[in-house]
Amino acid sequence: MGVTLLKNLPPGFTAGFTRGPLTARSLDPDAAGRALAEALGTPDAVVVRLKQVHGARALTVEEPPRERRNILLGEGDALLTCQPNVLLAVASADCVPIVLLDPDSGWIAAVHAGWRGTAARILDAALDALEERGVSPRDLFAAFGPSISCARYEVGPEVVAALREAYRDVAVPGDAVRMGGAGRAFVDVAAFNAAALWTRGIRAERMIASSLCTHATPDLPSWRRDGAATGRILTGIVRLSG
């Protein structure tokens, strides 16, 4: 299993995602998390994951974890912490993984945003939770991991309707939805999430986009391409100690 680093982050943080023939589904989830921590240069980090449910619940690691090296925190689709040496990891296979960090306060977050979670405004839930802890979205950096591209993600009208209704107050780029045939459309889920970040005040120069499409990249798992038996990408972020 290889790992690609998410670059251009401020000092004091490291983030990246897994790729290659061995994926999170091929390995024990704890082993995959530990392999990601090792590759990020934080082999002793506590790895925190979620039981992801495509919703809008954000969970927080408030206290320094003790003893356990691998934690399944609960049901949700976003993780937050300000604790150092804690790897927040989300799994995806076409959905949009996003990591957030505030270089001043040290708060970090990892978000899993499929179309359902995007329609539920999971990213806003994470931003709200950070604001409750004194973090202004304007101070954040955001980095996107690989997800399915608009050209490869054809959906029915119910998906388009749900996203447009949820983002009626957000200036989403017009080409985030491109009409196809028979009432279907191609959707850029990442663009909806990017628009949510812009609306909350995150500057464009602090947003790092992935150029990788899961469906079009052979060594990345894709639900649409490979079906339910496909693996998972783990995308994670760590605040470094010291």
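Here are some notes:
- Debye intensity ratio I(q)/I(0), log10, the stretch 71-130, q values 0.23 Å⁻¹ (C-alpha model): -0.95
- log10 of Debye I(q)/I(0), alpha-carbon scatterers only, for the stretch 1-137 at 0.14, 0.16, 0.18 Å⁻¹: -0.60, -0.80, -1.03
- Springs between Cα atoms under 10 Å define the GNM used for the chain, and in it the highest mean-square fluctuation of 136, 149, 92 occurs at 136.
- Relative contact order [Cα under 8 Å, 6+ residues apart], the stretch 1-106, whole percent: 23 percent
- The stretch 129-242 - charge dipole about Cα centre, Lys and Arg +1 at Cβ, Asp and Glu -1, debye rounded to 20: 100 debye
- Cut-off 19 Å, label 7 Å out along Cα→Cβ of residue 138, residues of the stretch 199-226 by amide N: 199-207
- Within the chain: Cβ-based charge dipole about Cα centre, in debye rounded to nearest 20 (Lys, Arg +1; Asp, Glu -1): 420 debye
- Residues considered: 102, 219, 28. Largest GNM mean-square fluctuation over the chain, using C-alpha springs under 10 Å, is found at 28.
- Listed residues 171, 220, 186: farthest to the positive end of the dipole of the stretch 171-242 (Cβ charges): 171
- Selection from 17, 45, 86 lying farthest towards where the dipole of the stretch 1-151 points positive, charges on Cβ: 17
- Computed on the stretch 141-242, with alpha-carbon pairs under 8 angstrom and 6+ residues apart, the relative contact order is 35 percent.
- Translational diffusion coefficient (Stokes-Einstein; Kirkwood radius from C-alpha pairs) of the chain at 4 °C, 1.567 mPa s, in µm²/s: 73 µm²/s
- Kirkwood-based shape ratio for the stretch 103-242, expressed as Rg/Rh from alpha carbons: 0.98
- For the stretch 150-215, the spread of Cα positions along each principal axis, largest first, Å: 38, 28, 14
Coordinate-derived values only; no laboratory data. Predicted model only: the values in this text are computed from it and were never measured. Glycine also receives a Cβ, built like all others from the backbone with ideal geometry; neighbour counts cover every protein chain displayed.
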